[in-house]
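Visitor: The following block contains the structure, expressed as structure tokens.
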Amino acid sequence: MRDGAPQIDQEVATGSRRAVEVAAPVGGGPKPARIAVLSPLVASQIAAGEVVERPASVVKELIENSVDAGAMRIEIELEQGGIELIRIMDDGCGIEPEDLALAYAPHATSKVKSAAELERIPTLGFRGEAVASIASVSRMSIRSRTPMQESAFELESEGDVLGKAKPAAGSRGTTVTVRNLFFNTPARRKFLRTIPTEYGRCVEAVENAAMAHPAIGFTLKHDGRVTLDVPPGQGPRDRLLAVLGKELESELLECSADEMDAGRGMTMFGLVGKPSIARGSNKAQHIFVNGRPVRDRTIMHAIAEAFRGLIEPGRYPTAAILIEMDPAMVDVNVHPQKAEVRFRDGSRVHQAVLHAVRAALAKEDLTPRAESMVERLSGLAQRPMWGGWGADAARAILPAHGQVQVASSAMPSAEAVEQDRQKFAEYFARQQPMQGRIGYASLQQAMSASEAQPAASLMQPAEPELLMPPTPAKQVLQVHKSFLVTQDEAGVLIVDQHALHERVMFEFLMQRVMKDGAGLESQRLLVPVVVDATEVQVERLATLTPLLNKLGMELSAIGPRTVAVQAMATFLIEKGVDAGEVARELLEKAESEQGWQSLKMASEEVVRDIVNMMACKAAVKAGDAMTQTELADLLALREAVDRSSNCPHGRPTTIRLTIQDLEKLFGRT
Amino acid sequence: MKVICDRAALLSAINAVARAVPSRSPRPQLQCIKIAAVKPAKGGGELVVSGTDLEVAIRLSISQVEVNQPGEVLIPSDKLRQIVSAESNEPTLTLEVAGDHVTIRGADATFKLNTYPVADFPPLASYAETVAQTSAAPRTRTNFGIGAGVLRTLADRTLFATAKEQSRYAINGVLMKRDGKKLTMVATDGKRLALCNGGLGAGSSKDDKAVSAIIPTKALQMLRDLVGDVEEPVHVVLTDSQLICAFGGDISGKEPARATLTSNLVEGTFPPYEDVIPKEQDRRVTFDRDVLRSAVSRASLLTTEESRAVRMKFSNTGKQLHLSSRAAEMGEADIRCDIAKFEGDDIEIGFNPNYIVDALKVIPETEVIIELKAANKPGLVKAGADFVYVVMPLNLT
């Protein structure tokens, strides 16, 4: 890949020639097809297939060159979804006129000089093949001016026909224009999708670049219309919000990790969506490592792990995570499009992301509002705010989308005041003065807004202390022995008694098993509970003993196909949990190959699984009547326990109907 | 039917019988109390009050009554009870049945209650009839007499160890075993087991073979509460499916009983309790009951639902028991208690303090012995000659 850097090294295009020498002609066989050396053009075109798939790949590669050239602003112009024209203008360092021709040559780059440098690549490009590949399948021109030059030089090409560099008018930086992509490879051109689809892909590429490089300004024009414009010099938070959509702000949690100091060589910033905006696929996860968008399993797993138990299985958290790390700690040369990276120390990255995201989730009240729940469940989730979340590729050019946006931005300012008022209420409801998304600034804003609007003075900003302690739920109504209804500052809370109790139990037990290290206290049984087992289960029992002891279970084989439960966790016994049932489930898990592997390792995951099963059995069930004291105790635990918004399976424990929701439902607004 | 009845006697009979009446039932007839007025040929009169939930039935006789006209009636239990209880100024009440309603009359009040047909009330097994059938149809498995006081002691010293809530593996009943002139009751909830022996009264032959049955916990509680005079003889008959206990009267059933309780038996097998009682305990520690109870109760203050254990260190050298407990996020307790006598080596073991205290509450003897063997082996609590209590330890973490 080759680009704007001033000097270009000459490590050059001997690759194809060497390949020819090796491929010596072979004799024999009736009429063998003669082996011929491919023309350089065809060779490049084949190589182009690796890198240049569609207009979006061109956009991505060229933006990366601009970034590597140190641009502060990058302007992208597209026509017909990029099929007709792609123009990338930057204000980077430019290319010396005499290097312009080299820019078109394959394996020519200014970014890497030796194999050793591949060990720590600070730039986005390094292979020296992008420009050559793009040039071989399009009509391209590069116009560039370095700071030292008085005027720009321009060099055009058409397929393998390279023109001569001639002076041209132009400001500092490089402009690459790519026309008629795949004009000389009709087969590839045929495979391009519709204009909206190709355009959508280009938007994704630009958005990715914009999120990855908050300091660089990006402008995207399509058919003369500006569709994205973000200024240079933004912070990561502002930039992510600018791209993902400001409306999402209240649904996003900030997480960060700065471990550079600890010598770990990694920093991280991210915004993760609350469980309520989880998606059906993981496409809404944007991960950037050193300015490079990647699909990384390690990081995606860490995110999923942090959300474990907060979202239902089969749904994926939304997240945008920016990671910066020592280039030596990450190998970027593992994928033709550089969509994957390999970490030298994957587990450290995993830990860092997991902890940061977990911490962000832990300090947040994740109770979903009934409104969004209902909308989501009824499949009406196409609120304007979702559109911004990158997945819907063609959204920006669909006229309907524009209308939706108009509708949302046309909300009366009273609505904005209302939002501020709500933020204010939430601020005090949570009693955590500095917590990510509502900082002092927004509080101030909210307070000034409430002064302007007399209705908002109901919040009594003059005496905030009175509102500080969260009012404990006084009256609790148990509905059909299944759901609890109570109120908090924001409105009505509806709690699924089993789900909440299950979460509470789960956290208690996990705390015991994992953190305290001692394991669960267990009660020996007077008469062992005898359970039928298979021979495999009996054989595997001994290996499980340490894990079982941690869980307060003591199982012993008393026959080739019989297992006796000698002891079970006190806690479970007191809840009337059936020892035989627990033992049977454990044994079944041990018998399945997958379960056995994880049980053998006694990983946190499998412990969670088992504790989850125990918690489910110990928890009150739907249909269990509870006394007022029990209800109050359970709700008090809701405040005390982490992640109480969802049961360990990820289903919500609580739904909130805010006063605003109620007012809306009753037509009072 | 028309009777004039002593109100207080009627109320206490209704209260006792109402315990067998289900508070909820799809059949309203079951939520009734049956009252039968009998006028024996030899004179006097008697009111028989009965109620049942089909599992257990209680029948009581009241003699403080003047029967003008014999008869039977089925009256909703709740209302009858409320009315008789509310007429607190009346020494007597008149009950008169006419058609499908009953009139309850005090000096200044008349209540007219709808009734149900008496035929809707399930027939209750009678002690006399069951005993009389012994020779003809040998349904009776055993038949004996016992002092009411002994019966109550046996119940008191076992009932506490039954399972508190319904669980598939718990036995919701108490084992009753009659062997010669000895009656044994055993109760367990899977974590502890209480056993108590008592002697049988007159009319029981020591040659009778051993017979056992499981009595529902609820029935044994009612049986215990029917005990008034500890000297009163109770006559018990066990069939394959039922227990019938007659208070007062005689063993043949010819003399009418003051109160009769009938209960279905619990089906199933009781755990082999004799195997559970450890035989080879090598540490034997004697305590003053009250000293021990106070120490264990105080240690239990700092236990929680998920951390029940009180750690008990029995030290022979210092003749001291050191109890300690720790509740996460709450605190710790540390208590020392004197040992009266110690045979064997030091030992450390964890117990649920409630289980120990439960037993100490029902022990009348001032001297209590705890026998132990190892930290993961059952502990034994003994008092007097008749009471044995096995309690499983908690694994200390």
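Visitor: Could you tell me the relative contact order of chain B? Use alpha-carbon pairs under 8 Å, at least six residues apart, and round to a whole percent.
Guide: Numbers: 935 pairs, mean separation 49.7, N = 397.
13 percent.
Visitor: Filter chain B for me: DSSP H helices, axial length by Cα at least 18 angstrom, mean Kyte-Doolittle hydropathy not below 0.5. List them by residue number.
Guide: Qualifying helices: none.
Visitor: Which length gain, in nm to one decimal place, applies between B:Ala119 and B:Arg284 when the Cα-Cα distance is subtracted from 0.36 nm times their residue separation?
Guide: Numbers: separation 165, 0.36 × 165 = 59.40 nm, distance 6.08 nm.
Contour length minus the Cα-Cα distance gives 53.3 nm.
Visitor: Any residues in segment B:303-318 that have 20 Å² or more less accessible area with all protein chains than in their chain alone, probe 1.4 Å, and which are they?
Guide: Listed by number, the residues meeting the 20 Å² cut-off are B:Glu305, B:Glu306, B:Ser307, B:Arg308.
Visitor: From the P(r) of chain B, could you give the percentage of C-alpha pairs in the tail past 42 Å? Kindly include the intermediate steps, with their values, before the conclusion.
Guide: Numbers: 21371 of 78606 pairs.
Taking all Cα-Cα pairs of chain B, the fraction more than 42 Å apart is 27 percent.
Visitor: Contact order normalised by length for segment B:2-120, with contacts defined as Cα pairs under 8 Å and 6 or more residues apart; what percent is it? Present the calculation step by step, with values, prior to reporting the outcome.
Guide: On the way: 254 pairs, mean separation 35.1, N = 119.
Taking the mean separation of contacting Cα pairs over the length of segment B:2-120, I get 29 percent.
Visitor: Using 1/(1 + (r/R0)^6) with R0 = 45 angstrom and r between the beta carbons of B:Arg27 and A:Ala636, what's the FRET efficiency to the nearest 0.05?
Guide: Working: r = 42 Å, r/R0 = 0.93.
Plugging the Cβ-Cβ distance into 1/(1 + (r/R0)^6) gives 0.60.
Visitor: Okay, moving on. Just list whichever of B:Lys177/B:Lys341; A:Lys481/A:Lys550; B:Lys34/B:Lys209; A:Lys190/A:Lys221 have alpha carbons separated by over 31 Å in the model shown.
Guide: On the way: B:Lys177/B:Lys341 34 Å; A:Lys481/A:Lys550 34 Å; B:Lys34/B:Lys209 37 Å; A:Lys190/A:Lys221 25 Å.
Result: B:Lys177/B:Lys341; A:Lys481/A:Lys550; B:Lys34/B:Lys209 exceed 31 Å.
Visitor: In square nanometres and to one decimal, what's the mean projected area of the convex hull around the Cα atoms of segment A:578-669? The partial results should precede the final answer.
Guide: Working: hull surface 37.1 nm².
Average projection, Cα convex hull of segment A:578-669: 9.3 nm².
Visitor: In addition: May I ask you to give the percent of accessible area on chain B that is carbon plus sulfur, with a probe radius of 1.4 Å?
Guide: 47
Visitor: Set the Förster radius R0 to 35 Å, insert the Cβ-Cβ distance between B:Ala327 and A:His649 as r into 1/(1 + (r/R0)^6), and round the FRET efficiency to 0.05.
Guide: On the way: r = 30 Å, r/R0 = 0.85.
Rounded to the nearest 0.05, the efficiency is 0.75.
Visitor: Consider all pairwise Cα distances in segment A:43-230 and report the whole-number % of them above 23 Å. Write out the running numbers ahead of the final one.
Guide: On the way: 6790 of 17578 pairs.
For segment A:43-230, the share of Cα pairs beyond 23 Å comes to 39 percent.
Visitor: Provide the net charge surrounding B:Val211, with neighbours chosen by a C-beta distance below 10 Å and charges set as Lys +1, Arg +1, Asp -1, Glu -1. Let's see the in-between values first.
Guide: Numbers: positive: B:Arg141, B:Lys177, B:Arg178, B:Lys209; negative: B:Asp179, B:Asp208.
That works out to +2.
Visitor: When only C-alpha pairs under 8 Å and at least 6 residues apart count, what is the relative contact order of segment A:43-230, in percent?
Guide: Details: 404 pairs, mean separation 55.1, N = 188.
For segment A:43-230, the relative contact order is 29 percent.
Visitor: Mind giving me the nanometre distance, one decimal, between the label points for A:Ser603 and A:Ile659, set 7 Å out from Cα along Cα→Cβ?
Guide: My value for the distance between the label points is 4.8 nm.
Visitor: If I take R0 = 41 Å and measure r between the Cβ atoms of A:Val492 and A:Glu591 in this structure, what FRET efficiency does the formula 1/(1 + (r/R0)^6) give, to the nearest 0.05? Working shown, then result.
Guide: Details: r = 46 Å, r/R0 = 1.12.
For A:Val492 and A:Glu591, the calculated efficiency is 0.35.
Visitor: Carbon-plus-sulfur fraction of the accessible area of segment A:192-348, 1.4 Å probe, in percent?
Guide: Details: 2800 of 6020 Å².
About 46 percent, which is the carbon plus sulfur part of the accessible surface.
Visitor: In segment A:45-122, with Lys and Arg counted as +1 and Asp and Glu as -1 at Cβ, which of these residues, A:Pro106, A:Ile121, A:Ile83, has the Cα nearest the positive end of the dipole, that is, farthest along it?
Guide: A:Ile121
Visitor: Give the separation of the Cα centroids, segment A:166-183 to segment B:73-148, in Å.
Guide: Answer, in whole Å: 108.
Visitor: Return the Cα extents of segment A:282-340 along principal axes one, two and three, sorted largest first, each rounded to a whole Å.
Guide: 36, 21, 15
Visitor: Would you calculate the separation in nanometres between label points at B:Asp100 and A:Ser556, each defined as 7 Å from the Cα along the Cα-to-beta-carbon direction?
Guide: Spacing of the two 7 Å Cα→Cβ label points: 6.6 nm.
Visitor: If Lys and Arg each add +1 and Asp and Glu each add -1, what is the summed charge of the other residues whose beta carbon sits under 12 Å from the beta carbon of B:Phe160? Walk me through the intermediate numbers first.
Guide: Working: positive: B:Arg157, B:Lys164, B:Arg192, B:Arg224, B:Lys361; negative: B:Asp156, B:Asp189, B:Asp358.
That works out to +2.
Visitor: Would you compute, from DSSP H runs of 4+ residues alone, the mean residue ellipticity of chain B at 222 nm, taking -39500 (n - 2.57) per run and dividing by the full residue count, rounded to the nearest 500?
Guide: -6000 deg cm²/dmol
Visitor: Oh, and also: To the nearest µm²/s, what D does Stokes-Einstein give for segment A:246-378 at 37 °C and 0.692 mPa s, using the Kirkwood radius over alpha carbon pairs as Rh? Could you put the intermediate results ahead of the total?
Guide: Numbers: Rh = 15.3 Å.
Rounded to a whole number, D works out at 214 µm²/s.
Visitor: If you place +1 on the Cβ of every Lys and Arg and -1 on the Cβ of every Asp and Glu, how big does the dipole about the Cα centre of segment A:131-183 come out, in debye to the nearest 20?
Guide: Charge dipole of segment A:131-183: 140 debye, to the nearest 20.
Visitor: If you don't mind, another one. Starting from the Cα of A:Lys164, draw a straight line to each of the lysines and keep only those under 25 Å, dropping any in the same chain fewer than 8 residues away.
Guide: Partners found: A:Lys111.
Visitor: Tabulate in residue order the Karplus-calculated ³J(HN,Hα) for segment B:38-45, using 6.51 cos²θ - 1.76 cosθ + 1.60 with θ = phi - 60°, rounded to whole Hz; enter x for Gly and Pro.
Guide: Result, rounded to whole Hz: 10, 10, x, 4, 6, x, x, x.
Visitor: Then there is this: Between segment A:645-669 and segment A:127-152, what is the separation of their alpha carbon centroids in Å?
Guide: Answer, in whole Å: 56.
Visitor: Moving on. In nm, to one decimal, how far is the modelled label at B:Gln320 from the one at A:Ser347, with both set 7 Å along Cα→Cβ?
Guide: Result for the modelled spin labels: 4.7 nm.
Visitor: Given the C-alpha centroids of segment A:203-232 and segment A:526-594, what is the distance between them in whole angstrom?
Guide: Between the Cα centre of segment A:203-232 and that of segment A:526-594, the gap is 59 Å.
Visitor: So which lysines can B:Lys361 reach, going by Cα to Cα under 16 Å and dropping same-chain residues fewer than 8 places off?
Guide: Once the sequence-local lysines are set aside, what remains near B:Lys361 is B:Lys382.
Visitor: For segment B:127-271, what is the accessible area per residue in Å², given a 1.4 Å probe and the full set of protein chains? Walk me through the numbers before you get to the answer.
Guide: Values: 5960 Å² over 145 residues.
Counting only protein heavy atoms, the per-residue value for segment B:127-271 is 41 Å².
Visitor: In whole percent, how big is the carbon plus sulfur part of the accessible area of segment A:471-669, probe 1.4 Å, protein atoms only? Display every interim value, and only then the final one.
Guide: Details: 4790 of 8890 Å².
Solvent-exposed carbon and sulfur of segment A:471-669 make up 54 percent of the total.
Visitor: Regarding segment A:176-247, what whole-number volume in Å³ per residue does the convex hull of its Cα atoms give? Walk me through the numbers before you get to the answer.
Guide: Details: hull volume 8.0 nm³, N = 72.
So the per-residue hull volume is 110 Å³.
The values are calculated or read from the model by the stated rules, or taken from the named source; none is laboratory data. Small disclaimer: the values here were computed from a predicted structure and weren't measured. Cβ atoms come from the backbone with ideal geometry, glycine included; neighbour counts cover every protein chain shown. SASA here: full protein model, heavy atoms, side chains in, ligands and nucleic acids out. Shrake-Rupley method; radii C 1.70, N 1.55, O 1.52, S 1.80 Å.
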